[in-house]
Amino acid sequence: MAHDISSASAAAPPSLVDAATSESRLARAVLTAVALGFVALFLLLPLTTVFIEAFRKGAGEFLAALADPETFSAIILTLTVAGIAVPLNLAFGVAAAWAIAKFEFKGKAFLTTLIDLPFSVSPVISGLVFVLLFGANSALGPLLQSYGLQILFAVPGLVLATVFVTFPFVARELIPLMQEQGTSDEEAALSLGATGWQTFWHVTLPNIKWGLLYGVLLCNARAMGEFGAVSVVSGHIRGQTNTMPLQVEILYNEYNFVAAFAVAALLALLALVTLVLKTALELRYSDEIAASRRH
Amino acid sequence: MEVRVQNIRKAFGRFPALDDVSLDIRSGELIALLGPSGSGKTTLLRLIAGLESPTEGTIFFGDEDASKKSVQQRNIGFVFQHYALFRHMTVLDNISFGLKVRPARRRPPVAEIRRRALDLIDLVQLSGLEKRYPAQLSGGQRQRVALARAMAVEPNVLLLDEPFGALDAQVRKELRKWLREIHDRTGHTTVFVTHDQEEALELADRVVVMSKGAIEQVGTPDEIYDHPVSPFVYRFIGQSSGLNVTLASGEIRFEDRPIGLRDANEADGPATLYFRPHDVELVDGCGGCLAGLVTGSRRVAGTRHLELNLGSAHPSVEIELPPERASSVDQSRIAFRPTKWKLYRRKEDLTAPPLQAQTSAIELAPTGT
Ligand SMILES: Nc1ncnc2c1ncn2[C@@H]1O[C@H](COP(=O)(O)OP(=O)(O)O)[C@@H](O)[C@H]1O
Ligand SMILES: [Mg+2]
């Protein structure tokens, strides 16, 4: 799902349009056709297929599939995991972006690179890291277990894996924005007597709120759609540790296509809603967004 | 409030931005920090504000050591070079900000905050614009909002970093006069940074000339212009010419000929003679003078500027004469003598910026920060 979103939002850099005006009409038509055809083939077609398959046997079957206890528990679990992981990454992302954009310190470049790590590491590896950390043969796992704290094959493990995979979204969105805005607004607030917290709340946060919202939306879409890392730490306990993407796989492997596509359609819907929300906000507040990026 | 800066040193890494700077700012005065870009003006201003902490040295606000106080505790008003207005707040909210964020026991009632902000809006002549956002204002208007916002907290000292730097020439001139009026009306101790000597000389009670992280001279505009203490100040403020001369038994000689000027207090040897274009007199029959070929002539408002070539080894020299006096000399070779001048020894010259003929301070001061 997240891949749909990122490629769709990056699809139209406005400068290309200007450059193309000097080309001949034919070239323009061909290019447009290729682009549209590509989008249709790789984005629209699969998406429509998902919905068609989900409703193949009618809305009744669709709803019944979602109401199945195991599927229902997968939906609840996904919402829970995203509900914990997204706020955590909101806080981490803001803190990391703040530190990188507004302060000078040793190891800053290293930290910036580190933030990108989850993007460059395969999600499966991200999951395996937690298995190695908290598994039965690790030092930490049995220790925590003795205090009655189950990490792997339980909600904490799912949350950890999701947090790791979705960490860069908020920070990535905020760092360039905050760097561009500089520190003088904050200094102005401090010089007027505001405390650090007041400065953050009344000055920094309003300045970054649009970037923050985008980051959170993207982070959420990925948190709900994550498969690889979550699959490794989940243990696939039916009705307990299967999130929606995992449930889709199980249902599909059992040839229960309607149910599989019903859950998939729900996930796709979440992604679409995210995308529509982002676009709507962009249109509605375009002036304000432009102003907050201007210095 | 009186502000005393004592032996301040500020290093960024190993680079000293300020080196042993001391300065007494009197209560209620309007003082300018003037110097070329990179001379440490902004750094000094930020140190006074508490936005930077000194590597060494102390800063007193009145009798209190302010060095250990945070920027919030110092109660200053800072106007940033690019204003740093809060873009999501209206003019009124921007100006009220400093009062609104006070802890409850020191915060005036809501109505009082509003009244004081509106008074300030009135003072800075922005009545009717209080509901606008910064993006909806012109540069000059933003500048005034920034000033009103800084004044709203009734600061101990007002600090302005290049307050007119980003404005066009016409608006600059207007705001300059207006800032002086506001200062005279409110009496805030005010420090402003500028790289524009005209602005500093016109506006300030006293001018601090800075160069390379050190203070070159502090004085009233008259003192700075009439009695520059170093070749740097001579060149940076106003227009001047510098000529390589030699001293021999108290007599100043140019190209081994006496020019009719004496400086009995200086030892013999090479030196540089500085004078301003308008501090010269024409002499008839050169029995001790400077003489040169007229290579250019321009009428600038009420005076005529003549460009003179004193010999290929020397930079050309500009002098200013009343037009009627200038037109009475019809020959292309004229003789003159500085009426006001100053001699600096070479040793000092080595530490000053490279000498150019007819150096105007505007050329010397790069635009920008
Ligand atoms: N935060 C900083 N880090 C490193 N060097 C700095 C910093 N701030 C200023 N400097 C350096 O200190 C010198 C003085 O700067 P500044 O006070 O801004 O000069 P001015 O305001 O007179 O143009 C400059 O050489 C500048 O590069
Ligand atoms: Mg500066």
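The values are calculated or read from the model by the stated rules, or taken from the named source; none is laboratory data. All figures in this text were calculated on a predicted structure; none of them were measured in a lab. Every residue, glycine as well, gets a Cβ built from its backbone with ideal geometry; the counts of neighbours run over all protein chains shown. Note: accessible area is taken over every heavy atom of the protein model, side chains too, but ligands, DNA and RNA are not part of it. Shrake-Rupley method; radii C 1.70, N 1.55, O 1.52, S 1.80 Å.
Points to keep in mind about this one:
- Residue within the range B:73-83 that is basic (K, R), farther than 27 Å from B:G139 by Cα and not in a helix (DSSP H, G or I) present: no
- Leading residue by the ranking (farthest from the other protein chains (Cβ to nearest Cβ)) among those in the range B:52-79 that are crowded, with 23+ Cβ neighbours inside 10 Å and within 16 Å of ligand 2 (Cβ to nearest atom): B:V79
- Considering B:A146, B:A135, B:A150, the condition of being surrounded by fewer than 23 Cβ atoms within 10 Å (Cβ to Cβ) and more than 16 Å from ligand 1 (Cβ to nearest atom) is satisfied by B:A135 alone.
- Close pairs (6 angstrom Cβ cut-off, 6 or more residues apart or separate chains): touching a residue at least 60 places away in the same chain (Cβ under 8 Å) in the range B:21-41, of a type in the set (S, T, Y) and open to solvent by less than 30 Å² (accessible area, probe 1.4 Å) anywhere: B:S27/B:T189; B:G28/B:T189; B:L30/B:T190; B:A32/B:T194; B:L34/B:T194; B:G35/B:S211; B:S39/B:S211
- Top-ranked residue of the range A:179-223 - restricted to ones that are farther than 20 Å from A:T162 by Cβ and among the charged types (D, E, K, R), ranked as farthest from the other protein chains (Cβ to nearest Cβ): A:E180
- Checked against the criterion of being more than 10 Å from chain A (Cβ to nearest Cβ) and more than 19 Å from A:V203 (Cβ to Cβ), the range B:81-103 has no qualifying residue.
- The set of residues in the range A:144-182 that are out of contact with any helix residue (DSSP H, G or I) (no Cβ under 6 Å at 6 or more places or on another chain), part of a helix (DSSP H, G or I) and open to solvent by less than 60 Å² (accessible area, probe 1.4 Å) comprises A:L144, A:V155, A:P156.
- Filter pass, B:E112 being more than 27 Å from B:T42 (Cα to Cα), open to solvent by less than 50 Å² (accessible area, probe 1.4 Å) and acidic (D, E): no
- Listed by position, the strands (runs of 3 or more DSSP E) contained in the range B:118-211 that have at least 2 residues being away from chain A (no Cβ under 14 Å) and closer than 19 Å to B:S27 by Cα are B:190-194, B:206-211.
- Pick from the range B:6-15, criterion touching a residue at least 24 places away in the same chain (Cβ under 8 Å) and either in contact with a helix residue (DSSP H, G or I) (Cβ under 7 Å, 6 or more places away or on another chain) or within 16 Å of ligand 2 (Cβ to nearest atom) (or both), ranking: least open to solvent (accessible area, probe 1.4 Å): B:I8
- Of residues in the range B:287-310 being more than 33 Å from the chain's Cα centre (by Cα) and open to solvent by 70 Å² or more (accessible area, probe 1.4 Å), the one nearest to B:I334 (Cα to Cα): B:L293
- Of residues in the range B:39-51 being touching a helix residue (DSSP H, G or I) at 6+ places or on another chain (Cβ under 9 Å) and more than 8 Å from ligand 1 (Cβ to nearest atom), the one nearest to B:M151 (Cα to Cα): B:A49
- Qualifying residue in the range B:18-38 (condition: within 16 Å of ligand 1 (Cβ to nearest atom) and within 14 Å of chain A (Cβ to nearest Cβ)): no
- Taken over the range B:177-196, the criterion of being open to solvent by 40 Å² or more (accessible area, probe 1.4 Å) and within 17 Å of the chain's Cα centre (by Cα) is satisfied by B:K177, B:R180.
- Residue match in the range A:126-141 (condition: in contact with a Lys or Arg (Cβ under 9 Å, 6 or more places away or on another chain) and at pLDDT 90 or above): no
- The number of residues in the range A:183-207 that are outside any helix (DSSP H, G or I) and open to solvent by 40 Å² or more (accessible area, probe 1.4 Å) comes to 2.
- You will find that of B:T272, B:T295, the residue that is within 26 Å of B:F232 (Cα to Cα) and among the hydroxyl-bearing types (S, T, Y) is B:T272 and no other.
- All conditions in (1) open to solvent by less than 10 Å² (accessible area, probe 1.4 Å); (2) away from ligand 1 (no atom under 16 Å from the Cβ) hold for B:E199, with the sole exception of (2).
- In the set (1) assigned to a loop (DSSP other than H, G, I, E, B); (2) among the aliphatic types (A, V, I, L, M); (3) within 14 Å of ligand 2 (Cβ to nearest atom), the condition left unmet by B:L45 is number (1).
- The requirement of being touching a Gly at 6+ places or on another chain (Cβ under 8 Å) and either crowded, with 16+ Cβ neighbours inside 10 Å or modelled with pLDDT of 95 or more (or both) is fulfilled somewhere in the range B:167-174, by at least one residue.
- Residues that are surrounded by 16 or more Cβ atoms within 10 Å (Cβ to Cβ) and among the hydroxyl-bearing types (S, T, Y) do occur in the range A:277-292, at least one of them.
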